[in-house]
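The values are calculated or read from the model by the stated rules, or taken from the named source; none is laboratory data. Remember, predicted model here, so these are calculated numbers, not experimental data. Positions of Cβ are generated from backbone atoms using ideal geometry, with glycine treated the same way; all protein chains shown enter the neighbour counts.
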Amino acid sequence: MQNENIPSSKKLIYSFIAEKGTAAKADLLAYTNLTSSTLTRMLEEMIEEGLIQAADLGPSRGGRRPILYQINADYGYIFGLEVSRIHSSLGLFDMHLNPKSLIHWRMDEAMTPERFFEYTIRQIRMFLRDHGIAPERVLGLGIGAVGPLDRSAGTILDPLYFPAKGWSHIQICDLFQKETGWQTRLENGANAALMGEQWALRHENIQHALYVHAGVSLRSAMMSHGRIVHGTMDMEGSIGQMIIQTDGPRLNNSGNYGALEAYASIEALEKQAQTQAKMGRFPLLQHKEVPPEQINFDLLLQAQRSGDSYAQELFSQSATYFGIGLANLINIFHPEKVILGGALINSSQMYFETATDIAMKNAYYYPKYTPQFSKGQLKEAAVVTGAALNVWKAMEL
């Protein structure tokens, strides 16, 4: 088996064409350092195999207009799957990583691993039937999941805060591979999201990027010199344990005191709102006769969007704390682009603007150094796209 860290000449050619969109032979000669005859032979072989095709003629460089090559979008197909706590997603992609079908569903108390697997398999079969794609044309399934993970074993270990029971030590790659026969690869969701967003922005040639997801938990991923930075543990939620106030509270009597997750996470927001409601605040929710212990994120979103001042204050405070934690990360990594995602970031434009304003003002060397902030291009499709890309990159040619 080819070592995926040492790509073949075909893979180099294929990846270059895919990332550029189209490429002429002269571009490929300069990139690969192959001889003209060897490159011509490889291009002919790849056309015969259906990997690439002649797309158009490029502008003249002093002679005949050159042939532009592009990858064949219908050579095969890849599934991307997101396993998350609030919503999960499934996408079917062509070789350009354009989605042919996407579906999102809510994770609730009934969505156990067994039900999740059965539901996903039904959706996979439905997608294939809808597009008339035979299963053997699928090159693999990529999974982006909340951590901690054992990526090499394809196992979700013991993540917190799933609404349903049973999400512990799930050999998720084996489950899907045995059912489908497809290559299945696991990556943590934050890394997958950053991979997907980098692909969407590949023409900007971003080399150093930070991705932070703010939702039920806080998750982060870092890219340096165009590569995801993997630690010795896939503990994507550890950013939430960043201490921002040494004598502060801790969430659920676990983790660090004064950790970021105790101030800027969905559960922290819910607990603060429940405490406020017990003291007689949130008249809007009292009017709906909602007991304090039943106040949840959905109700808080409704209150905030209806103009409830107490709800808006809670979201503003959460965004401020999140911005402080974000500034700490920026001061460590110095990324050129910061991409933010998750339910809290998408709760309102105010949350995004407050968090990024606080982060920017607390970044060292500001205003000389100012990273670009974005909600990303792919948003809810970032994880499934990156998960599919993970399979695409591992494809052997």
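Return only the number of the condition from (1) touching a Pro at 6+ places or on another chain (Cβ under 8 Å); (2) loosely packed, with under 13 Cβ neighbours inside 10 Å that ARG85 does not satisfy.
Only one criterion in (1) touching a Pro at 6+ places or on another chain (Cβ under 8 Å); (2) loosely packed, with under 13 Cβ neighbours inside 10 Å is unmet by ARG85, namely (2).
Tally up the residues in the stretch 337-358 that are in a loop (DSSP other than H, G, I, E, B) and under 17 Å from ARG305 (Cα atoms), please.
3
Residue under question is ALA134, and the condition is that it be under 30 Å from LYS10 (Cβ atoms) and outside the structural domain of ALA387 (by TED's automatic domain parsing); does it hold?
no
If I filter the stretch 291-349 down to residues being closer than 20 Å to THR275 by Cα and charged (D, E, K, R), which single residue comes out as nearest to the chain's Cα centre (by Cα)?
The extreme case among them is ASP298.
Residue by residue, here is whether (1) farther than 30 Å from HIS225 by Cβ; (2) of a type in the set (A, V, I, L, M) holds:
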{"position": "THR320", "(1), (2)": "yes, no"}
{"position": "TYR366", "(1), (2)": "no, no"}
{"position": "PRO371", "(1), (2)": "no, no"}
{"position": "ALA381", "(1), (2)": "no, yes"}
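Just a yes or no: is a residue in the stretch 126-142 out of contact with any Lys or Arg (no Cβ under 8 Å at 6 or more places or on another chain), within 23 Å of LEU218 (Cβ to Cβ) and surrounded by 15 or more Cβ atoms within 10 Å (Cβ to Cβ)?
Checked the stretch 126-142: no residue is out of contact with any Lys or Arg (no Cβ under 8 Å at 6 or more places or on another chain), within 23 Å of LEU218 (Cβ to Cβ) and surrounded by 15 or more Cβ atoms within 10 Å (Cβ to Cβ).
Take the residues of the stretch 47-76 that are out of contact with any Leu (no Cβ under 8 Å at 6 or more places or on another chain) and modelled with pLDDT of 85 or more: which is nearest to ILE17 (Cα to Cα)?
Among residues in the stretch 47-76 that are out of contact with any Leu (no Cβ under 8 Å at 6 or more places or on another chain) and modelled with pLDDT of 85 or more, the one nearest to ILE17 (Cα to Cα) is GLN70.
Please go through the stretch 69-122 and pick out each residue that is of a type in the set (D, E, K, R) and within 30 Å of GLN53 (Cα to Cα).
At the first step, the residues of the stretch 69-122 found to be of a type in the set (D, E, K, R) are 74, 82, 85, 94, 100, 106, 108-109, 114-115, 118, 122.
Selection gives ASP74, ASP94, LYS100.
Among the residues of the stretch 101-118, what is the count of those that are of a type in the set (Ser, Thr, Tyr) and in contact with a strand residue (DSSP E or B) (Cβ under 7 Å, 6 or more places away or on another chain)?
Adding up the residues that qualify gives 1.
Can you name the number of the only condition in (1) farther than 30 Å from PHE93 by Cβ; (2) under 23 Å from the mean Cα position of the chain (by Cα); (3) surrounded by fewer than 22 Cβ atoms within 10 Å (Cβ to Cβ); (4) polar (S, T, N, Q) that THR370 fails?
With (1) farther than 30 Å from PHE93 by Cβ; (2) under 23 Å from the mean Cα position of the chain (by Cα); (3) surrounded by fewer than 22 Cβ atoms within 10 Å (Cβ to Cβ); (4) polar (S, T, N, Q) applied to THR370, the lone miss is (2).
Pairs under 7 Å by beta carbon, first residue under 18 Å from GLY325 (Cβ atoms) in the stretch 356-375, partner β-branched (Val, Ile, Thr) and in a loop (DSSP other than H, G, I, E, B), six or more apart or different chains?
Qualifying pairs under 7 Å: MET360/THR370.
When ARG281 is evaluated against the numbered criteria (1) at pLDDT below 90; (2) crowded, with 18+ Cβ neighbours inside 10 Å; (3) within 22 Å of ILE86 (Cα to Cα), which criterion, by number, is the only one it fails?
Result: ARG281 fails condition (3) only.
Yes or no: the stretch 212-221 includes at least one residue that is crowded, with 17+ Cβ neighbours inside 10 Å, within 17 Å of LYS393 (Cβ to Cβ) and modelled with pLDDT under 95.
Looking for residues that are crowded, with 17+ Cβ neighbours inside 10 Å, within 17 Å of LYS393 (Cβ to Cβ) and modelled with pLDDT under 95, one finds at least one in the stretch 212-221, hence yes.
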